[in-house]
1. May I ask you to list pairs of residues, at least six apart or on different chains, whose Cβ atoms are under 6 Å apart, with the first in region 224-249 being of a type in the set (Ser, Thr, Tyr) and the second being assigned to a strand (DSSP E or B)?
2. Could you tell me whether ILE356 is modelled with pLDDT of 85 or more, of a type in the set (A, V, I, L, M, F, W, C) and crowded, with 19+ Cβ neighbours inside 10 Å?
3. Of the conditions (1) farther than 28 Å from THR591 by Cβ; (2) surrounded by fewer than 22 Cβ atoms within 10 Å (Cβ to Cβ), PHE389 satisfies every one except a single condition; which number is it?
4. Please state which one of VAL265, VAL249 is β-branched (Val, Ile, Thr) and either surrounded by 11 or more Cβ atoms within 10 Å (Cβ to Cβ) or within 21 Å of PRO286 (Cβ to Cβ) (or both).
5. Do you know which residues across region 224-250 are closer than 16 Å to LEU261 by Cβ and either of a type in the set (A, V, I, L, M, F, W, C) or modelled with pLDDT of 90 or more (or both)?
6. Can you list residue pairs whose Cβ atoms sit under 9 Å apart, with the first residue in region 446-458 being farther than 11 Å from SER527 by Cα and at pLDDT below 80 and the second being hydroxyl-bearing (Ser, Thr, Tyr) and part of a helix (DSSP H, G or I)? Count only pairs 6 or more apart in sequence or on different chains.
7. Condition first: in contact with a Lys or Arg (Cβ under 8 Å, 6 or more places away or on another chain) and either part of a helix (DSSP H, G or I) or of a type outside the set (Gly, Ala, Ser) (or both). Now tell me which residues in region 232-247 satisfy that.
8. Among residues belonging to region 612-665 that are small (Gly, Ala, Ser) and within 25 Å of LEU376 (Cβ to Cβ), point out the one that is surrounded by the most Cβ atoms within 10 Å (Cβ to Cβ).
Amino acid sequence: MLNKFIRFFLENKLVTSLALLVFIVWGIVSAPFDWETGIIPRDPVPVDAIPDIGENQQIVYTEWPGRSPQDIEDQISYPLTTSLLGIPGVKTIRSNSIFGVSSIYIIFDEDIEFYWSRTRILEKLNSLPSGTLPEDVTPALGPDATALGQIYWYTLEGRDKDGNPAGGWDPHELRTIQDFYVRYSLTSAKGVAEVASIGGFVKEYQVDIDPSAMKAHGVNIAQIMAAVKNSNMDIGARTIEFNRVEYLVRARGYITNLEDLEKSVVAVRDNVPIRLKDVAKINYGPATRRGGLDKGGSEAVGGVVVARYGANPMHTIDNVKEKIEEIAPGLPSKILEDGTRSQVTIVPFYDRTGLIKETLGTLEEAISLELLISILVVIVMVLNLRASFLISSLLPLGVLIAFITMRQFGVDANIVALSGIAISIGVMVDVGVVFTENIVRYLEMPENIRARGKKLLNVIYEATIEVAGAVITALTTTIVSFLPVFAMEAAEGKLFKPLAFTKTFTMLAALVIGLVIIPTLAHMVFSIRLDKNKYKKGLSLVLALTGLVLTIVTGNYIALILTAYGLNGFLADRWTESRKAWVNIMNIIITGLTIVFFLTRVWMPLGAQNTQFANFLFVIGIVAVVLGALSSVVKFYPRILRWALNNKWKFLATPILIVMFGLTAWQGFGSFFG
């Protein structure tokens, strides 16, 4: 079955090419990085800085103003907690009772779906028996968000036309703008679960009763409360028909200013109305508050944007910023005494975008460096540009396929998940090296030299199926070793599962590329033969001219690499027969220097304060030392192996000592030898 699978894609290059194109385009579409092409639509993996390791919980929030914590506990928290215990999937319930507020945290099992749990809680709250809670007390379900939902904090400040602080706004004015304009606008942004107001003062009508006036007019507090309550309502009076036209009748009674409240009738004595202003003073004032918002040592008013469960934090923040730009021109403004125009401005002071982009940027740089270093090592160690191309092509393609699977399986891109891709690059290189080296070994056999067409296809097929089983076994054992990670639960599972998923996705992608893409690319690459010298020279000349033209047009000197390749190929016939291999070596040197150049631009090990040329020389030195050491190991490996086989106990003494030191370091010297 596996052999038929490999042969099908090897013989049907169009299908393989289309699959390769789909993987590349789909991978760019799903990539979490900011790869805006302008042509391909984007549906990226949701990104965040860190994994959400919070519990699967819902919050029931209940207010009972003015009541002590003990009353809240006895009459709200305890009855609600006992009623909610019967919901399916509930693991535990925690409650918190403070002055005037009850908060109940319902923790569900991890396998319970988020919105299913919310539905069950609402059903239970709506079916509470009468008398379970005090009158006029209504519990509310918290926003559909997680503990990491707070993605954007902002303040409302008065700014002049140049964006400098101008002031001129009272805290209650800013709080009113926040509550009735900004909050509603930002809540409508896609992906936002809630916009919570914080700071300032809630503006309210305050009625300060006069006991002496009450006694003189013979009214009590209950009558005053009823008057205030009844004075703020509209009344519908059905309709009347006049002249064959129907008119709606309504009594308008909503309070719009202090005068409306002052004229409210409390009682009537001897046909003389006693108004509210006769027994009390009415004015505007701030509501009692239990906290505030401080910014730079001064009072501030602002809000907290909370992202909805499952929403992409980056997209949600972008949507919030777009909404802020939309409503900013319509925010109120006033002229101050000095003539300055002060307009209310939304000023962010916490934006998770920076943290997310820094995290992604760090990992993107790490993955880029790993790719460049791996490609460089492969080119230098293999000393075959065609084989190096086959091995190196696996790396970026494997990463793109990993992005596709992350998007489809709902694995968010964060520092842990992307680290799984970074640590899998070595395994991906191994897969490419095994398949490509075996193909090259088969092609270098005397009977397969200069093989073409069907024979070349059969040679590549035989080389691939020879090692396919071993590669599958090796990758399967690595994947199986991560099964304990997939079995983790709770916070540790949420923390480490993304890494296990992405590492598994990357290794499976490497296996698919090794079985499907590499054999087809090998057949295409090794089929290219320019036997006639004039064709070689013509192609080399075109390549050299293309490099020059691109350098002149774009002004980017990196295009001169093509010119170097072209000149090397054009002058190939100048080498003596014994030195023909130098053409390939020169191409490898050009490619290696190019990769080192890009590696220097990304890495800059000496820092930006030193010139790029100095960093370039430093990187060349490091690469030369490391690759020299690796080449020495490869060169002297037969001698080392022969000595180890002839002196088994001398060689085994080293790993035995390492194991003993490891055990003593782990268990302690006293417990190990005691």
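1. THR239/GLU246; THR239/LEU248; TYR247/ILE240
2. Considered against the rule, which asks whether it is modelled with pLDDT of 85 or more, of a type in the set (A, V, I, L, M, F, W, C) and crowded, with 19+ Cβ neighbours inside 10 Å, ILE356 comes out as yes.
3. Among (1) farther than 28 Å from THR591 by Cβ; (2) surrounded by fewer than 22 Cβ atoms within 10 Å (Cβ to Cβ), the lone unmet condition for PHE389 is (1).
4. Result: VAL265 is the single residue among VAL265, VAL249 that is β-branched (Val, Ile, Thr) and either surrounded by 11 or more Cβ atoms within 10 Å (Cβ to Cβ) or within 21 Å of PRO286 (Cβ to Cβ) (or both).
5. ILE224, MET225, ALA226, ALA227, VAL228, MET233
6. Correct list of pairs: ASN448/TYR442.
7. ASP234, ILE235
8. Checked region 612-665; the qualifying residue surrounded by the most Cβ atoms within 10 Å (Cβ to Cβ) is ALA614.
The values are calculated or read from the model by the stated rules, or taken from the named source; none is laboratory data. What you are looking at is a predicted structure, and each value in this text was computed from that prediction instead of being measured. Note that each Cβ is placed from the backbone with ideal geometry, even for glycine, and that neighbours are counted across all protein chains shown.
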